[in-house]
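**Student:** Please find one structure pasted underneath; my questions will follow.
No value in this document is a laboratory result; all are computed from the given coordinates. What you see is a predicted model, and the numbers here were worked out from it, not measured in a lab. Cβ placement follows ideal geometry from the backbone for every residue including glycine, while neighbour counts extend to all protein chains displayed.
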Amino acid sequence: MALATPTPSSADIGVTGMGVMGKNLARNLARHGHKVAIHNRTASRTEAVVAEHGEEGTFIPAGSMDDFVASLSSPRVAIIMVQAGAATDAVIEELASRMDEGDIIVDCGNALFSDTRRREAALRERGLHFVGCGVSGGEEGALLGPSIMPGGSVESYKRLGPMLESISAHVDGEPCCTHVGADGAGHFVKMVHNGIEYADMQVIGEAYDLLRRALGLTPAEIADIFAEWNEGDLDSYLMEVSVEVLRRVDARSGKPLVDVIVDAAGQKGTGAWTTQTALTLGVPVTGIGEATFARGLSSSPVQREGAREFAAEAADWDVQDRDAFIEDVRQALYASKLVAYSQGFNLIQAAAAEYGWDISLGDMARIWRAGCIIRARFLGEVTRAYEANADLPLLIGDSYFHHKVVAALPSWRRVVSLSALHGVPAPVFSSSLSYYDGVRSDRLPAALIQGQRDYFGAHTYKRVDSEGSFHVLWATEDRKEVEA
Ligand SMILES: NC(=O)C1=CN([C@@H]2O[C@H](COP(=O)(O)OP(=O)(O)OC[C@H]3O[C@@H](n4cnc5c(N)ncnc54)[C@H](OP(=O)(O)O)[C@@H]3O)[C@@H](O)[C@H]2O)C=CC1
Ligand SMILES: O=C(CO)[C@H](O)[C@H](O)COP(=O)(O)O
């Protein structure tokens, strides 16, 4: 079927990129009464959307970019849902060259925020609005209500925001969508969301591994335990997903599915971006970093093969009180998860200061309560914490969460010690505990590091009892301290 030329200026909004996410975002918009122009590089995909879902609302299919742009009413709003990088740049140019001043291009893919900043500045010069917009919820969320994190100008949000809010998930009537901040703020927050997603998935994985290795439980038994945890503080979509995966039996082998899946975790890059950005901004996101490295380790077959003979070093487990151990693991999971969120919010705070974004952390927690992959019951309390104190220096310092962490500490320490003693890797459990111990320490060995830096590089140090910077003349005989 060849696509007919659509009526000019007939669509409220357009979506180009009819892949997994774009198709469902377009359907969601149509289901909410918006007239949606749709376009895809390969026209057969556009035709399929109309053929399979045409009755869901008003779709205005376009076979060419010329027709797509012409079908949008002014000021035009066009959503791009294609792969990050060169594909996004190419589609932006195709749109921009056909648009007029005041039109809005919205990139809903997982773009790197610095690319978004670059694109926004370039398009602003051309009189166009460019909105980097995070979307989370996967295929189902895109259709039924995702969490949406748009950046860009306040002016663009006035036109775009009501449409996005209408299709987002809602909690108690509130949309899981808000204007995050200028230029790349939306994509930055989505990147951190994904980083937290990595940490959240890894801590659930560490809990599973410990329960399996220490207690010899089957995946189905662990699924039952996780299902119970999912009734309380740990209630989350990722816990729900884990229960489903662990319960699944492989039809071909009759084994638990988790035992036939190759244990090499994939990644498309958002965890690495979060970690790299955090390193640049000097923010310790140890949970996200360790979760990203853990995926890397799992996907290093040569190194893993080379270390296979080390396996004999692992000690046997002899857990006396099964229920107490399970509760310890639950507490370690909860506390480590809190640390990862706390660190992620710190990264957003640091970026907001660096790039001049006015980001409300309470709003970010609020729009993550539903629709997105990291949706979780405890985000209600996180929202409350940041609404009570917008400048909270760390989430685990909020009195509600601090009490939770303090209550978890004995369990957390036991789990980290036992995992080390028995040779079970728990990188996020243990690094999160180290972060907690580091951040609460009166004195850190950083003082010695400053001394070392001053010794070999004359990098100077500050004193606890005087203003200014100091240096010891280490190479001289009397090693006098001088003010630098
Ligand atoms: N899948 C998910 O759960 C989520 C994905 N995202 C992000 O959404 C974006 C899209 O992902 P997804 O829908 O899964 O991807 P798909 O692989 O399903 O679809 C990719 C789309 O991009 C189009 N495309 C690729 N290269 C080009 C190009 N050079 N020019 C024009 N069009 C191009 C494809 O067109 P064609 O049919 O012609 O090949 C297709 O429509 C990505 O940035 C992804 O990171 C965000 C949140 C969740
Ligand atoms: O954005 C998402 C959810 O919020 C995607 O699911 C994300 O691409 C998954 O990342 P990865 O493939 O690196 O695990």
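**Student:** Out of (1) part of a helix (DSSP H, G or I); (2) out of contact with any strand residue (DSSP E or B) (no Cβ under 9 Å at 6 or more places or on another chain); (3) surrounded by fewer than 19 Cβ atoms within 10 Å (Cβ to Cβ), what's the single condition that is false for ILE326?
**Tutor:** The number of the failed condition is (3).
**Student:** Name the residues in the stretch 178-226 that are within 13 Å of ligand 2 (Cβ to nearest atom) and farther than 19 Å from PHE345 by Cα, would you?
**Tutor:** Listed by number, the list holds a single entry, GLY205.
**Student:** While we're here: Filter the stretch 124-147 for residues that are within 14 Å of ligand 1 (Cβ to nearest atom), over 17 Å from the mean Cα position of the chain (by Cα) and outside any helix (DSSP H, G or I) and give the result. Show your work before the answer.
**Tutor:** We begin by selecting, within the stretch 124-147, every residue within 14 Å of ligand 1 (Cβ to nearest atom); these are 132-147.
Filter once more, so that each one left must be over 17 Å from the mean Cα position of the chain (by Cα): 140, 143-145.
Selection gives GLY145 alone.
**Student:** Restricting the search to the stretch 279-319, which residues are part of a helix (DSSP H, G or I), more than 16 Å from ligand 2 (Cβ to nearest atom), within 19 Å of LEU112 (Cα to Cα) and not aliphatic (A, V, I, L, M)?
**Tutor:** Just the residues of the stretch 279-319 that are part of a helix (DSSP H, G or I), to begin with: 279-281, 286-298, 301-306, 308-313.
Adding the requirement that they be more than 16 Å from ligand 2 (Cβ to nearest atom) leaves 279-281, 286, 301-306, 308-313.
Still in the running and within 19 Å of LEU112 (Cα to Cα): 279-281.
If the condition is that a residue be part of a helix (DSSP H, G or I), more than 16 Å from ligand 2 (Cβ to nearest atom), within 19 Å of LEU112 (Cα to Cα) and not aliphatic (A, V, I, L, M), then THR280 is the only one that fits.
**Student:** Sticking with this structure for a sec: When you scan the stretch 86-123, how many residues do you find that are within 16 Å of ligand 2 (Cβ to nearest atom), out of contact with any helix residue (DSSP H, G or I) (no Cβ under 6 Å at 6 or more places or on another chain) and in a helix (DSSP H, G or I)?
**Tutor:** Looking only at that region, the number is 3.
**Student:** Within the stretch 1-38, count every residue that is out of contact with any Leu (no Cβ under 7 Å at 6 or more places or on another chain) and within 16 Å of ligand 1 (Cβ to nearest atom).
**Tutor:** Summing the residues that are out of contact with any Leu (no Cβ under 7 Å at 6 or more places or on another chain) and within 16 Å of ligand 1 (Cβ to nearest atom) in the stretch 1-38 gives 13.
**Student:** In the stretch 335-350, how many are touching a Gly at 6+ places or on another chain (Cβ under 9 Å) and in contact (Cβ under 8 Å) with a residue 60 or more places away in the chain?
**Tutor:** Counting residues in the stretch 335-350 that are touching a Gly at 6+ places or on another chain (Cβ under 9 Å) and in contact (Cβ under 8 Å) with a residue 60 or more places away in the chain gives 9.
Residues checked against (1) in contact with a strand residue (DSSP E or B) (Cβ under 6 Å, 6 or more places away or on another chain); (2) over 16 Å from ILE105 (Cα atoms):
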| site | (1), (2) |
| --- | --- |
| ALA4 | no, yes |
| ILE13 | yes, no |
| LYS23 | no, yes |
| ALA30 | yes, yes |
| VAL36 | yes, no |
| HIS39 | yes, no |
| THR46 | yes, yes |
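**Student:** Follow-up. Quick test for you: out of ALA388, ALA335, pick the one residue that is farther than 24 Å from MET201 by Cα and small (Gly, Ala, Ser). Spell out how you get there, then give the answer.
**Tutor:** Details: ALA335 fails: farther than 24 Å from MET201 by Cα.
When all the criteria are applied, what remains is ALA388.
**Student:** While we're on this one: Just the residues that are part of a loop (DSSP other than H, G, I, E, B), touching a Ser or Thr at 6+ places or on another chain (Cβ under 7 Å) and either under 24 Å from ALA96 (Cα atoms) or within 16 Å of ligand 2 (Cβ to nearest atom) (or both), please, taken from the stretch 8-54. Talk me through it step by step, then tell me what you get.
**Tutor:** Our first condition is that a residue be part of a loop (DSSP other than H, G, I, E, B); within the stretch 8-54, this holds for 8-10, 12, 17-19, 32-35, 40-42.
Applying the additional criterion that residues be touching a Ser or Thr at 6+ places or on another chain (Cβ under 7 Å) yields 8-10, 12, 18, 32, 35, 40.
Once the filter is applied, which keeps residues that are part of a loop (DSSP other than H, G, I, E, B), touching a Ser or Thr at 6+ places or on another chain (Cβ under 7 Å) and either under 24 Å from ALA96 (Cα atoms) or within 16 Å of ligand 2 (Cβ to nearest atom) (or both), the stretch 8-54 yields PRO8, SER9, SER10, ASP12, MET18, LYS35, ASN40.
**Student:** Pick from the stretch 466-484 the residues that are under 19 Å from ALA447 (Cβ atoms) and among the charged types (D, E, K, R): which of them is nearest to the chain's Cα centre (by Cα)?
**Tutor:** GLU467
**Student:** Just the residues that are of a type in the set (A, V, I, L, M), outside any loop (DSSP other than H, G, I, E, B) and farther than 30 Å from GLY85 by Cβ, please, taken from the stretch 246-278. Steps first, please.
**Tutor:** Residues of the stretch 246-278 that are of a type in the set (A, V, I, L, M), as a first pass: 246, 249, 251, 257-258, 260-262, 264-265, 272, 278.
Keeping just the survivors that are outside any loop (DSSP other than H, G, I, E, B) gives 246, 249, 257-258, 260, 272, 278.
Correct list: LEU246, VAL249, LEU257, VAL258, VAL260.
**Student:** For the stretch 94-109, give me each residue that is crowded, with 23+ Cβ neighbours inside 10 Å and among the small types (Gly, Ala, Ser).
**Tutor:** GLY109
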